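The next block holds one structure in the form of structure tokens; read it before the comments.
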Amino acid sequence: MAKAEGILGVGSSAVKIHHLIKAPENYPESIQFRESWDASRPVTVYKTPETLPDGTECVAATVILRTKGCAWWWKSGCTFCGYFNDVRDDVSADDMFAQWKEAKMQTNDFEGCKMVKVYTSGTFFEDRENPVEWQQAVLNETHEMGIHLVIEAQAQMCTPEKISWVAKNHPGCTVAIGLEAYDEQVLRFHVNKGFTIKQWHKAVDLLRENQLRVKTYLIFKPPFMSEGDALKHTTKWLVEVSKYSDEVSVNPMNIQKNTLVDRLFRNREYRPPWIWSLVEMIKRAHLEVSNLNCRVLVHPTAGGKIRGAHNCKQCDSEAIAAIERYSVSGEIDEFSTLDCSCKLVWQAELSNDSTFPVPIGTGTSRRGFATDMVRAP
Ligand code: SF4
Ligand SMILES: [Zn+2]
């Protein structure tokens, strides 16, 4: 029988469209890169200054583990998430215990740390992602050491059974949920989050019932949104979610490799946010948020770089330093002396965004050398 050709194919067995157009995790080079890592060592372990729930300053250790990765990513995945770059789907329970042991060895059993953040590129207590006996060991050990634990989860994974189990094994720990946007349409069409606002509220209620702390991540400027809209919406979301959270961390978009946002960026259809927008968001939300019992952090990962929040380059480091100072002091005065000529360009972009019907924005999508812009993507 003749084989079908053209739009009907060439007779070879069918593959899922997912593997043809997305699945960067399945590129031969991605697999090679991933498997070149030692699965018995964590991605990274580092210490930073932090603040405990009671407001006292402390040192926190962050442990990023090489896991099987987020179940949602393997099914579909958030548009901006590049965590899959760090995961291996063949990680075993022994590897997880070995990584945890290595993290303790590197920090001398978390010496001097009152807080440990254990990040698994997905949901800590999702059994398909991480072995249950390993989850229990981490919860129990950190509790016995008297260390405050921060773990991450997707809202729909917060079931009554799991949350009460977590609370039993490490009472009072913090569960951080990447809500990203307090808007159903944005969650669905810009972020592809995989859960709804209603599910997030349910998760928050469950955490509260079990006396666990609620940390919420928001993303500043998801794809398919202008700078002007990002500022307007995120300011509103920040005020709203602060009412339900103990801590809110706003993460300005940073472009992670092989993601949908990366593709838009390389096609010059996306520019990471201006640092001025972050400063403006803080100024607008400050009064309302400071009346609530919620800590607000803004973390410009890769700030000042072309793939992170940036201004004109000249004023980037000063503006980022002011944001970082604000995250510690909570004082709006940190921004009083900031200024630069590029502020006018940013203001013009905001004004154009709110005037013209251009949903993805009016700003120039790239900063950099003209020759590079011609060559890109
Ligand atoms: S839920 Fe979290 S880990 Fe999973 S794809 Fe989304 S951002 Fe990435
Ligand atoms: Zn500037």
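Couple of notes before you dig in:
- Residue count for segment 315-339 under the criterion of being more than 16 Å from ligand 2 (Cβ to nearest atom), in contact with an Asp or Glu (Cβ under 8 Å, 6 or more places away or on another chain) and in contact (Cβ under 8 Å) with a residue 40 or more places away in the chain: the result is 1.
- Among the residues examined, Ser277 does not qualify as surrounded by fewer than 17 Cβ atoms within 10 Å (Cβ to Cβ) and polar (S, T, N, Q).
- The set of residues from segment 177-220 being within 14 Å of ligand 1 (Cβ to nearest atom) and acidic (Asp, Glu) comprises just one member, Glu180.
Where a number appears in this text, it was derived from the coordinates with a stated rule and is not lab data. Small disclaimer: the values here were computed from a predicted structure and weren't measured. Cβ sites come from the backbone with ideal geometry, for glycine too, and all protein chains shown count toward neighbours.
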